[in-house]
1. Run the quick spin-label model on ASN244 and GLU294: label points 7 Å from Cα toward the beta carbon, then report their separation in nm to one decimal.
2. Over the Cα atoms of the stretch 440-543, what radius of gyration and what Dmax do you get, in Å?
3. Can you list the lysines whose alpha carbon sits under 20 Å from that of LYS407, skipping same-chain ones fewer than 8 residues off?
4. Under a straight-distance cross-link criterion of Cα-Cα below 16 Å, which aspartates and glutamates are reachable from LYS178, leaving out those fewer than 8 residues away in the same chain?
5. For a distance above 22 Å, tell me the whole-number percent of Cα pairs in the stretch 1-95 that qualify.
6. Taking N as the number of residues in the stretch 6-201, what value does Rg over Cα atoms divided by 2.2 N^0.38 Å take?
7. Just grab the label-to-label distance for HIS325 and ASP29, each label 7 Å out from Cα along the Cβ direction, in nm (one decimal).
8. Show me the trypsin sites (Lys or Arg not before Pro) within the stretch 129-202 that DSSP assigns to loop and that have at most 13 other Cβ atoms within 10 Å of their Cβ.
Amino acid sequence: MKLIDSALFRSMVISGAANLSNQRKLVDDLNVFPVPDGDTGTNMNMTFSAAADALNKSDAATVTEIADIIANATIRGARGNSGVILSQLFRGISRSVKDKAEINAEDLANAFALGSATAYKAVMKPTEGTILTVSRESAEDAINVAKETDDVIAVMDALVKGAKVSLDNTPEVLPVLKQAGVVDSGGMGLYIIIEGFLLAMQGSPVVKLEQEAPQQSTSSAASAQAVISTEDIQFAYCTEFLINNPKKKAKKCKEALSRLGDSLVFVEDEDIIKVHVHTNNPGFALQEALKIGEISNIKIENMKLQHSAILFEQEGAPAKEDIPHKQFGIVSVATGEGIENLFTELGVDQLVAGGQSMNPGTDDILAACEKINADVIFVLPNNKNIIMAAQQAAEISQTEIIVIPTKSIPQGITAVLGFSPDISKEDNEASMLEMVASVKTCSVTFASRTTKFDDQDINEGDILGLTEGKLTIVGSDINVVAKDLVAENTPEDGQVITVYYGEDVTKEDAQALSDELEEIYGDCDVVCQYGGQPLYYYFIAIEG
């Protein structure tokens, strides 16, 4: 076969997507890191399925039209880092074959070479032994074969065989793969896709099998203000202020404020204390603050009245241009009732459902941004596996988007506290980044699979303690692991320890942990906050 026409090109993409969909779990099971996170197979499947779905809904008849659909659909549908890398790979491939009536052997090899180069450029610090290596080495094999033959099937066959050799060698390049006894999951996903391409070219395209849909974000974006119903607002006044140059220790003030209401955020930053609290007695809150210093930047809002007005406005689903314009907006990724409520209370405009094991796509983030009528929008990914999707959204959005690369929920909450509507976008970005750098995040979760990681034998169900996403403790008791995790990070005098407990932890257990931490670290302020996050028993922030 000398040429790939538009009909075959379409069939190849749909066959590749079907092949990956059918083998998604196989790819998921190759993940080395044992925590419940966004699995590679699921992310890559949802990313590339977006292209197949778009083609199935389109009457695109030319190679150029098909190339455009593949590029746009994968970029907008990209989920997780593996999905973003895959989208960039096919962005390069689509650019290479665009404006061609048909694709010959040389075109095919060059397209995958450009795709690989595009994917490498998208990653700040490329890691070898991953999908990047598999794409590069297989493309090199295809180019060599294209020099010797004009048969497109022979070139694709060389691409698939080269990918398999490269994939099998990934454990020799990445020691963590060898230790776990697996090949790279992203590389496997790519191999499965191009295997589907080859089968279509050989006249046996893969048919997608019916299977249970993966657990993922089902809502692209939710109005942050709509998260809470008016009836659920127990304390009516959202009260915010600064305490300047406190002359006494802040611990007693914090304890008094915590008794006055809920949703207390109390952040000590050099000579200023930032306070946010919901209370029915804002005057009492200010009186307590005056006992330790001067207060300024006071803002008190009646949330019941404010929320009723917002809900009334939302009934008519106003168009973006009908929403009051402002200079800045904030979008945050969040999951868990308590976490969502806290972001809303701190002024976030739109929430995107997602987090561990639920990686929202580029299009989800764009959809949230498009609901805000602002000149500049700050996006908080709050997960390392969502940052690239957020950055990709910033690249293609018509509105200016600034991504604050938050890797955890506590970092996101702290970043919002660094935001001010009264300063420039540059100063806001600098302030938010500075606040993010001041917080250390610890997490307690469970092992989602049995594996060997960092020379540790881990069994499914073990309790895992992580610091900044790095696994450091393996145990069997949730609160014991949490205490050991905090001890490992040696809180200093005056720091704030905030315990956000998840949906699988009782308030009593969380309070018991917080009380123990307060007893151990008497010179630190300890706050117990309901997060309601799934999968993670605790997020613990150490800051100040």
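Please treat every number below as a calculation from the coordinates, not as lab data. Given the structure is predicted, the values throughout are model-derived calculations rather than measurements. Note that each Cβ is placed from the backbone with ideal geometry, even for glycine, and that neighbours are counted across all protein chains shown.
1. Distance between the two pseudo-spin positions: 0.4 nm.
2. 13.2, 40
3. The qualifying lysines are LYS125, LYS384, LYS440, LYS470.
4. ASP29, GLU128, ASP168, ASP454, ASP455, ASP457
5. Values: 1269 of 4465 pairs.
Value for the stretch 1-95: 28 percent of Cα pairs lie more than 22 Å apart.
6. Details: Rg = 15.5 Å, N = 196, 2.2 N^0.38 = 16.3 Å.
This ratio for the stretch 6-201 stands at 0.95.
7. 5.6 nm
8. Answer by residue number: LYS147.
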